[in-house]
Amino acid sequence: MASVEFRSVTKSFGSFNAVSDVSFSIGDGEFVCLLGPSGCGKTTSLRMIAGLETPTLGQVLIGGQDVTHYHPKDRQISMVFQDYALYPHMNLADNIAYPLKVRGKSVSERHGRAREVADVLKIGHLLDRLPSQISGGQQQRTSLARALVYPSQVYLFDEPLSNLDAKLRLEARGFLNHLQRDMGMTAVYVTHDQAEAMALATRIAVMDQGRIVQYASPIEIYRLPATTFVANFVGNPPMNLVEVEASHGNGSLQLRADGLSIAPLPMTDVIGKALATSSKLTLGVRPEHLHIAQGSAPNTITAALFANENMGPESLVTVDRADAGRVTARIFTDDHLQLGETVTLAFSPEHVHLFNSKGDRIPAAGE
Amino acid sequence: MKLTLSAFVGRIAFSALAALIGAAFALPLLWFLFAPFNARAELGLALPDPWTLSNFVTVFGNNFAVQALWNSLIQSVGGVILVGAAATLAAYALSRSSLPGKGAVTYILLLFSSVVSGSAAMVPIFLIVSAAGLIDTHLAVILTFAGGLLPTAMFILRDFIDSIPKSYEESAMVAGASPVQAFFDVALPVIRPGIVVVVVWSFVNIWGSFLIPFILLRSDDQMPASVAIYSFYSEAGTPIVTLLAAYSLIYSLPVIVLYLFVSWKFGFRFFGGIKA
């Protein structure tokens, strides 16, 4: 196991910067998720750790050693590919043992080790099948077995669960989580699924347009999103963002928007600094922090019902604020709400997030 | 459902017409199957009476004819090995490398190859081969065919390799394989069905060709079977039908056998990538 470090890494394809000036470090035994929408540079970053892409600028270090120009085979790494990349002409035993074959191990050692790993992953009874003769979940475990069959410094995962159906994905996610904590391996995991990142990672690097927007523990990413981008990407459903017009006086902050009724908030220096550039702020409230209220109390958003989706234990209630966007609440209720009916959603002031006009978080007092 | 009378008549008429067209195509094939076994074969179709192998005995007694089959084999196999190996390496490089203008290279080669293997290029080809001192050698035929067939072979194979995910070799390299190991262990077995297609296609091309060996070769002991068939004409130019038929059957067997073998062994079926 080893640490991984990026030092001012840039990767350009022609004039397009897939990754721009990214620096971060991953500690020994950490499970880091690179999270972001497609095209944000997360896969390119992973491929640079693997050596499948060479940075245009900057250095990549594994275990403190500069490996920027090392061939993948010299990096002592394992990787699970999104399409699994199982060799169609080899049976599962040979697929799993291939890394041992290129290391010159004997056939008996190879097959012995392949069986051990396969048994752990519950595919031991399939070893003489071809990849085309097993299910998608079994293929996924085979590619995982191939990555685990030899000791590596870093384990890389490129959206390994995205080709599985929902139930299998949950199962595989739990297994991966257990495996990583059990082995204490250093893992880098690329995903666009925030739930996967939250469940697996010890730290998440949220990426957008080739840059890391926030690099923190899952709970910090959820509680204190650094930007509106992070707020809008993490959470299921993501945080509601409402554009507000701010004014202040007498040490209190007054926010105004259509349908929004909010009690004055305490004014702080950082808010003052944000207001110096623009009086437009963004207010954020997570769907799980909203509940249905009656009448017009303070700290509420009132609008016409747009959709009421029953998810079993809870419902997603979405109201439409016309031109100002929609707001969704996650509530435990089976109230009979009628489409077009006016609904009031209430929140408490400690669950309010504020962002400045550029989308950066304004830290609350005491943060 | 009850068939109306007119629909019934229509169906019969259609089937009869189809049978007639089928027969028109089947007749030459039937002749091709019957005539070699008929000691008195003529250009008309007739059942052999009695069935005999005497035509084959005469053919195998003709040293020139037997040598020609052997020559065909040397030239075809030589050409196939050259085309197969060179096309695989070139197509792999063109598919996997990030050379600028690699697409243009393939298309320009493809364009020129249709000229090179055409009869328009016969004179320059003859001059080049002659200047290289290769006239009347197997090598001349092999090289000329390799030059003519390679661009198309590369084009077919490149398309095939392009459709195979790069992640096969990438996963091999991450697992510790050198690029050469990754090619031989992982890429080559996966692209083998594509290579088989190219091999069969180039074998059939060289085996069946007439013009290029006819021009580049002079002595009787270098001529391939396609040219040797001419020896079964009398001096007045009329074909000796009995021998011609027997020889033609022998001449077409390797191609048929090759198709059957490949179809049995590979089934012309491609390993698809795993569903992405």
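Restricting the search to the range A:257-296, which residues are assigned to a loop (DSSP other than H, G, I, E, B) and of a type outside the set (Ser, Thr, Tyr)?
Answer for the range A:257-296, where residues must be assigned to a loop (DSSP other than H, G, I, E, B) and of a type outside the set (Ser, Thr, Tyr): A:ALA257, A:ASP258, A:GLY259, A:ILE262, A:ALA263, A:PRO264, A:MET267, A:ARG286, A:LEU290, A:GLN294, A:GLY295.
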Review point. Taking into account only those residues within the range A:69-88 that are buried (at least 18 other Cβ atoms within 10 Å of the Cβ) and farther than 28 Å from A:ARG169 by Cα, which is farthest from the other protein chains (Cβ to nearest Cβ)?
Key: A:ARG75
Practice item. Would you point out the residue of the range A:230-256, among those that are touching a residue at least 60 places away in the same chain (Cβ under 8 Å) and not in a loop (DSSP other than H, G, I, E, B), that is surrounded by the fewest Cβ atoms within 10 Å (Cβ to Cβ)? Key: A:GLU243
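Any residue in the range A:233-241 that is among the aromatic types (Phe, Trp, Tyr) and under 11 Å from the mean Cα position of the chain (by Cα)? It would help to see each step written out before you state the result.
We begin by selecting, within the range A:233-241, every residue among the aromatic types (Phe, Trp, Tyr); these are A:233.
Going one step further and asking which of them are under 11 Å from the mean Cα position of the chain (by Cα), we end up with A:233.
Yes, there is a match, as at least one residue in the range A:233-241 is among the aromatic types (Phe, Trp, Tyr) and under 11 Å from the mean Cα position of the chain (by Cα).
Tell me, which helices (runs of 4 or more DSSP H) wholly within the range B:152-266 include 2 or more residues that are free of Cβ contacts under 8 Å to residues at least 40 places away in the same chain and within 27 Å of B:ARG40 (Cα to Cα)?
B:241-265
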Point to revise | Given (1) away from chain B (no Cβ under 12 Å); (2) at pLDDT 95 or above; (3) open to solvent by 10 Å² or more (accessible area, probe 1.4 Å), number of the condition A:ARG47 does not satisfy | key: (1)
Point to revise | A:VAL154 aliphatic (A, V, I, L, M), within 27 Å of A:GLN65 (Cβ to Cβ), in contact with a Lys or Arg (Cβ under 6 Å, 6 or more places away or on another chain) and within 14 Å of chain B (Cβ to nearest Cβ) | key: no
Review point. From the set of residues in the range A:211-226 that are in contact with a helix residue (DSSP H, G or I) (Cβ under 8 Å, 6 or more places away or on another chain) and not β-branched (Val, Ile, Thr), which is most open to solvent (accessible area, probe 1.4 Å)?
Key: A:TYR222
Review point. Got a sec? Which of B:ALA41, B:ALA35 is in contact (Cβ under 8 Å) with a residue 60 or more places away in the chain, part of a loop (DSSP other than H, G, I, E, B) and open to solvent by less than 50 Å² (accessible area, probe 1.4 Å)?
Key: B:ALA41
**Study point:** Among (1) within 20 Å of A:CYS33 (Cα to Cα); (2) more than 20 Å from the chain's Cα centre (by Cα); (3) within 14 Å of another protein chain (Cβ to nearest Cβ); (4) not in a loop (DSSP other than H, G, I, E, B), the one test that A:ASP182 misses
**Key:** (3)
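Could you tell me which residue of the range A:122-139 is modelled with the lowest pLDDT, considering only residues that are away from chain B (no Cβ under 14 Å) and surrounded by fewer than 18 Cβ atoms within 10 Å (Cβ to Cβ)? Spell out the reasoning first.
Step one: of the range A:122-139, the residues away from chain B (no Cβ under 14 Å) are A:122-128.
Okay, now just the ones that are also surrounded by fewer than 18 Cβ atoms within 10 Å (Cβ to Cβ), so A:122, A:124-125, A:128.
Working: A:LYS122: 89, A:GLY124: 92, A:HIS125: 93, A:ASP128: 93.
So the residue we want is A:LYS122.
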Check your understanding: Given the structure, is B:ARG192 away from chain A (no Cβ under 14 Å) and basic (Lys, Arg)?
Key -> no
Revision key, fill the gap. A:MET79 meets each of (1) assigned to a strand (DSSP E or B); (2) out of contact with any strand residue (DSSP E or B) (no Cβ under 6 Å at 6 or more places or on another chain) with one exception, condition (2)
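The values are calculated or read from the model by the stated rules, or taken from the named source; none is laboratory data. Quick caveat: nothing in here was measured; it's all calculated off a predicted structure. Reconstructed Cβ throughout: ideal geometry from the backbone, glycine too, with neighbour counts over all protein chains shown. What goes into the accessible areas is simple: the full protein's heavy atoms, side chains included, and nothing from ligands, DNA or RNA. Shrake-Rupley method; radii C 1.70, N 1.55, O 1.52, S 1.80 Å.
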